[in-house]
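Some notes on the structure that comes next.
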């Protein structure tokens, strides 16, 4: 099912939950709503579900406005962060509840419930109550309940944030696989950018109720349109330093105190003679190299595959993903090389990218 | 050296024993009047007279047990009175339970004009001493009596009328109590049920009510007890023995002119106490959850 949001707005008095959201989701697409807590992603999701009534704007399912359609008529499945299982019902009753409400004949209900439960790997737990299940099992029941009525649209509200890290990884892969196999249009709300990057076909980044960016994960990663997107997507986050870009002898120099980088012309010319601009570079695009910008290592954080080191360059600090075999230590003087083909430039006033415009 | 250590240790131990015993001593002293009162009640119901805690027989000697005080059980009046008390108590359970669970759900979950002021008004009403309303309620009941059909069941000097007054006076507390229980339930569960395809009413009936069963049960017990032992309102709005409940009946046994048989009154009191005791034994835990669950209720 195709979903479109047109100028979708939700306000409670002066409090803005979502501010004129415009978004389209293709059939069978997996879209993630990504943003910090309180950015309006759950509000938007609940409007799509029909729990909240929009203050303004429209929600369209396959071109039909559904603003006033009751949640039960929308044929959607939803998975909640708290799982929201019915504690007084068994696993079987929980999963079959949507079918019971649809008045599906008993035999068909039994068969369908069993099939979904087996698919989720909880077929042997049918007589248990939710309180007797582990977190991961509860999550599967919640997922099964959302899937059993074969919805046209699946909504996920931070479904993995109550699970431990290992289980989260497993469930992440399972949900992604399930969504692809079943081809159900899905909206996935999360504040975890790794989840959004790994699972979604497209990511909608929200902040303060507004849609900041909407696009493919790699596009958001490589061509961030705003400072917020640049800082929010990617882990560890992008380094941001204020520089001035000037052209000298046909080369573009990005400079600040103790810092001078030559940047490629096609990127540098867009930032030149603009006064103060913000330079962005991801930690993996900075290397500890011979010659370059000199600084001092402030702290070394081993991440296993890499060491995350913080280097003080003048009065700025730069995060670098470095090879652990280099054996870097705190307080050591190092020189840094930049992969200048990956630098970003932003206008610090408007917070918009100087390189990528819509 | 060794003896000194021993002495300090023993003194220390004695003090510790005293420290542990003291709270118990204080508790025993403070509850003994109540325990003694109940002891007297039980002894009195089986004796002609009592002197202190000792039963006294007709000649004034200590001793002599009798079942004479329990003869009232053969009087049909007591059974009519018991039935009235029972109807009143059950009426309270059903009336307050039904209205407050619906009202509290709306107040907890829905947003409508006047919700806040309704809530604070209910709280004020609860704090309002009901005695001050007695005369006004008398006029209301009198007015109801004049309405055909309704007046016959819910007017002045009817069980229905008394039940109606008691229910309405108990509703503020019931609503606040139930609201506390509803407030503690996560919204997600209701949202999930709505999305699963349930109507609002079905969500209330199939998801919410089963989850607040302990609260509902506690409220029911509470109301049963207060209906069972109600005195002031039945006493004010009924005349004669026809619609008297147990406490009112007991009051009628106390005569202003003839000498009163206090031992019989004790027996009636004992009789009234029995269902309450049985009730209490089985429902203690639920009653506790009223305070545990209800006190959490915020705005």
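Just so you know, all these numbers are worked out from the coordinates, no wet-lab data involved. The model shown is predicted, which means the values in this text are computed figures rather than measured ones. So basically every Cβ, Gly included, is an ideal-geometry build from the backbone, and we count neighbours across all protein chains shown.
Summary table
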{"read-out": "Projected label distance in nm at residue A:342 and residue B:66, using a 7 Å step from Cα toward the beta-carbon", "value": "10.4 nm"}
{"read-out": "Most fluctuating residue given options B:134, B:22, B:36, as computed from a GNM of chain B linking Cα atoms under 10 Å", "value": "B:22"}
{"read-out": "Two-decimal ratio, chain A, of alpha-carbon radius of gyration to 2.2 N^0.38 Å", "value": "1.19"}
{"read-out": "Extension gain, residue B:83 back to residue B:15 (0.36 nm per residue minus Cα-Cα distance, nm)", "value": "18.8 nm"}
{"read-out": "Kirkwood-type radius of the stretch A:35-150, with distances r between different C-alpha atoms, in Å", "value": "15.5 Å"}
{"read-out": "Gain on full stretching of the segment that runs from residue A:208 to residue A:6 - 0.36 nm per residue minus C-alpha separation", "value": "71.0 nm"}
{"read-out": "D (Stokes-Einstein, µm²/s), Kirkwood Cα radius, the stretch A:9-86, 1.306 mPa s at 10 °C", "value": "116 µm²/s"}
{"read-out": "Alpha-carbon gyration tensor eigenvalues x 5, square-rooted, for the stretch A:297-345, Å", "value": "18, 14, 9"}
{"read-out": "Order by protection proxy (mean Cβ within 10 Å, highest first), peptides A:339-346, A:94-101", "value": "A:94-101, A:339-346"}
{"read-out": "Estimated translational D of the protein assembly as shown in µm²/s (Stokes, Kirkwood radius over Cα pairs; 10 °C; 1.306 mPa s)", "value": "50 µm²/s"}
{"read-out": "Share of alpha-carbon pairs per 5 Å distance bin for the stretch B:150-243, given as whole %", "value": "2, 12, 17, 16, 13, 11, 10, 8, 6, 3, 1, 0"}
{"read-out": "Test item: A:43-56 mean partner chain Cβ contacts at 10 Å", "value": "1"}
{"read-out": "Simple label model, 7 Å out from Cα along Cβ direction - residue B:187 to residue B:278, nm", "value": "4.6 nm"}
{"read-out": "Rounded FRET efficiency, nearest 0.05, which uses the C-beta distance separating residue B:90 from residue A:128 and R0 of 51 Å", "value": "0.85"}
{"read-out": "Cα shape, the stretch B:59-162, gyration tensor, a/c 1.5 rule", "value": "prolate"}
{"read-out": "Residue A:110/residue A:198 FRET efficiency (R0 35 Å; Cβ-Cβ; nearest 0.05)", "value": "0.45"}
{"read-out": "Cα gyration tensor, the stretch A:239-346 - rounded (a/c under 1.5), prolate or oblate", "value": "prolate"}
{"read-out": "Calculated over the stretch A:190-248: convex hull of Cα atoms, volume per residue (Å³)", "value": "108 Å³"}
{"read-out": "Within 10 Å of each Cβ in A:139-148, the average number of Cβ atoms from other chains", "value": "1"}
{"read-out": "Between 0 and 90°, nearest 10: helix A:165-182 axis offset from chain A longest Cα axis", "value": "70 degrees"}
{"read-out": "Convex hull per residue volume in Å³, alpha carbons only, for the stretch A:96-148", "value": "70 Å³"}
{"read-out": "Inter-chain Cβ neighbour average for residues A:72-82, partner chain, 10 Å", "value": "4"}
{"read-out": "Kirkwood Rh, angstrom, the stretch B:73-294 [1 / mean 1/r, Cα pairs]", "value": "19.3 Å"}
{"read-out": "Two-site FRET efficiency, residue A:20 against residue A:218, from Cβ-Cβ distance with R₀ of 35 Å, rounded to 0.05", "value": "0.85"}
{"read-out": "Per-peptide average of other Cβ atoms within 10 Å, ordering A:253-265, A:274-286 highest first", "value": "A:274-286, A:253-265"}
{"read-out": "Inter-probe distance in nm under a simple model that places probes 7 Å from Cα toward Cβ, at residue B:253 and residue B:112", "value": "4.7 nm"}
{"read-out": "Net lengthening on full extension, residue B:126/residue B:199 (0.36 nm per residue, minus Cα-Cα)", "value": "23.0 nm"}
